[in-house]
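Step one of this worksheet: look at the structure below.
The values are calculated or read from the model by the stated rules, or taken from the named source; none is laboratory data. The shown structure was predicted, so the numbers you read here are calculated from the model rather than taken from an experiment. Quick reminder, even Gly has a Cβ in these numbers, built from the backbone with ideal geometry, and neighbours come from all protein chains shown. Ligands, DNA and RNA are stripped out before the accessible areas are found, and what is left, the full protein with its side chains, is counted by its heavy atoms. Shrake-Rupley method; radii C 1.70, N 1.55, O 1.52, S 1.80 Å.
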Amino acid sequence: MTKKKHFDIDTLLAQAGNRDNHDQFHSISTPIYLSSNFRHRDLEDVENFDPEKQYSYSRLSTPTRKVLQDTLAKLENGAKAFAVSSGMAAIQLVFSLFNSGDEIITSDDLYGGSFRYFNYLTEHYGIKFNKWDGKSYDTLASLITPHTKAVWIETPSNPTMKVINIQKVTDIAHNSDSNILVCVDNTFLTPIYQQPIREGADIVVHSATKYLSGHNDMLAGAVIAKSKEIGETLEFNFNTTGVTLDPFDSWLLLRSLKTLSVRMQRHTSNATYVAASLAKLPQVEKVLYPGQGGMISFYVQNRNQVDRLFKRLNIISFAESLGGVESLLTIPSLQTHRDMAKADRLKLGITDELLRLSVGLENPEDLAEDLKQALGD
Ligand SMILES: *Cc1c(COP(=O)(O)O)cnc(C)c1O
């Protein structure tokens with residue numbers, strides 16, 4: 001057999017789980033190993049236990065999840081990956097690295113659930129969060145103190161699509177203190193368009209509920225660590241807290257990943273078409289589209305149009321979440337960002353006229369037409 005080389009991401013995805021799935025029958029698709037525990041041969045088997053090749057108890061490791069995690073680590077260029085029960089569980093796992101009194105710098109426009117969790121961490125654990133506007137890199141440098149342990153960013157941001165230069169953030173953070181961890185929530189662009197570890201980030205998280213799984217049918221999260229050292233601490237906390245993904249959902253996510261690349265290309269071409277078509281409508285004030293991926297935000301002229309729009313849509317569903325085959329429209333001020341103080345929301349531009357569209361894989365002309373007729377007179 002030839003030595004394994006680094007394959008293109010498309011090949012990696014299509015081949016995920018084939019050849020390295022531990023199955024004695026050489027199945028092409030990784031089997032679902034529904035076993036909570038695994039038999040040992042003898043004492044020596046336990047004494048020389050190799051967690052990379054053997055299994056004992058499924059919270060620690062189980063074959064289907066192991067194949068998924070190895071795939072996720074390769075996709076994001078990390079040393080170690082963890083598949084967990086939701087995106088929030090992924091964020092929680094990363095925050096298990098920090099202690100009371102630690103300071104974290106975060107970009108100011110984040111997923112609503114992240115805000116809620118960060119407030120909880122301040123109240124219950126005394127972790128301090130300093131907000132950065134995601135624009136001025138001098139401001140970022142000035143926010144770093146001797147207590148700063150991490151910089152947490154989402155790019156493009158949710159829902160106002162601000163783009164942050166990851167390389168600049170990691171340069172500033174690491175030049176100031178090499179122990180500051182730069183963490184990137186890569187849910188929106190996925191490794192198809194953005195590979196934060198290549199730009200110097202230390203940790204990548206995903207809500208795999210979104211594009212990685214892509215079918216609006218499961219909840220999952222992923223954490224990928226750049227280094228073995230961070231990976232080992234995370235592994236201890238992962239096993240200790242039990243935030244693991246079960247074998248069935250691990251299989252479902254692995255299976256979904258195989259089409260990630262083609263799905264992302266179609267999400268992008270559909271969103272490009274729909275964004276251009278929205279921009280031509282007189283009822284639309286402004287369209288925000290970062291040029292890649294399937295997420296578009298747009299402002300309608302007044303809030304009276306919103307309810308009517310939701311009611312008149314025939315294809316696009318009025319529903320939370322994103323990243324799936326089916327197109328979804330949400331109103332962040334009432335849904336994903338409801339827990340944010342109104343003044344903070346408005347400062348970020350999250351008004352009652354702002355809508356967020358997750359462009360699915362339907363025919364793009366059908367989607368554009370659905371929005372046009374629903375917004376029309
Ligand atoms: C949805 C989402 C999360 C949370 O993930 P869940 O799977 O819903 O727990 C975190 N970050 C971003 C950017 C998200 O869109």
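Among the listed pairs LYS80/LYS149; LYS135/LYS226; LYS66/LYS226; LYS74/LYS258; LYS131/LYS228, a Cα-Cα separation exceeding 22 Å is found for LYS135/LYS226; LYS131/LYS228. Using a probe radius of 1.4 angstrom, the carbon and sulfur fraction of the accessible surface of the chain is 51%.
Antiparallel beta bridges, as assigned by DSSP with both residues in the chain, represent about 55 percent of the total such bridges. Which log10 I(q)/I(0) values, to two decimals, does the range 87-243 give at q = 0.10, 0.19 Å⁻¹ under the Debye formula with one point per Cα? Rounded to two decimals, the profile gives -0.32, -1.30.
All Cα-Cα distances of the range 35-162, cut into 10 Å bins from zero to the largest, leave 10, 30, 28, 18, 10, 2, 0 percent in each bin in turn.
Let's see if you can work this out: charge +1 on each Lys and Arg Cβ, -1 on each Asp and Glu Cβ, no other charges. What is the dipole magnitude of the chain about its Cα centre, in debye to the nearest 20?
On the way: 39 positive and 45 negative charges, 99 e Å.
About 480 debye.
Inter-part distance, the range 144-171 to the range 189-238, computed on C-alpha centroids, equals 16 Å. Considering only HIS147, LEU189, SER269, the residue lying farthest towards the positive end of the dipole of the chain is SER269, judged by Cα position with unit charges set on Cβ. Just the accessible area for ILE144, please: 1.4 Å probe, Å², rounded to the nearest 10? Approximately 30 Å² for this residue. Ordered from largest to smallest accessible area (heavy atoms of protein chains, 1.4 Å probe), the residues MET295, MET88 come out as MET88, MET295.
With viscosity set to 0.692 mPa s at 37 °C, what whole-number translational diffusion coefficient in µm²/s follows for the range 1-65 from Stokes-Einstein and a Kirkwood radius over Cα pairs?
Working: Rh = 13.9 Å.
Answer from the Stokes-Einstein relation: 236 µm²/s.
Annotation: amide H-H contacts under 5 Å for HIS215 (H modelled 1.01 Å from N, sequence separation of 5 or more, or interchain): VAL325. Per the Kirkwood formula applied to alpha carbons, the chain shows a radius of gyration over Rh ratio, Rg over Rh, of 0.99. Accessible surface comparison of SER227, SER157, probe 1.4 Å, protein chains only, largest first: the order is SER227, SER157. Of the trypsin sites (Lys or Arg not before Pro) found in the range 111-172, those that fall in a DSSP loop while having at most 13 other beta-carbon atoms within 10 Å are LYS135. Between the range 278-330 and the range 79-122, the C-alpha centres lie 28 angstrom from each other. Placing one equal scatterer on every Cα of the range 261-375 and applying the Debye formula, the log10 ratio I(q)/I(0) at q = 0.13, 0.14, 0.24 Å⁻¹ is -0.45, -0.52, -1.48.
Here's the picture: a label point sits 7 Å out from the Cα of THR259 along the beta-carbon direction, and within the range 58-81 the residues with their amide nitrogen under 20 Å of it are 68, 72.
Enter the accessible area per residue of the chain (Å², integer; probe 1.4 Å; all protein chains in place).
Working: 17430 Å² over 377 residues.
Per-residue value: 46 Å².
Taking Cα atoms only, the orientation of helix 364-375 departs from the longest principal axis of the chain by about 50 degrees.
Each principal axis of the Cα atoms in the range 164-288 has its own extent, and those three values, largest first, are 54, 42, 23 angstrom.
Using a 1.4 Å probe and counting only protein heavy atoms, arrange SER36, SER58 so the residue with the most accessible area comes first. Don't jump to the answer; show the numbers that get you there.
On the way: SER36 70, SER58 20 Å².
Largest accessible area first, the list is SER36, SER58.
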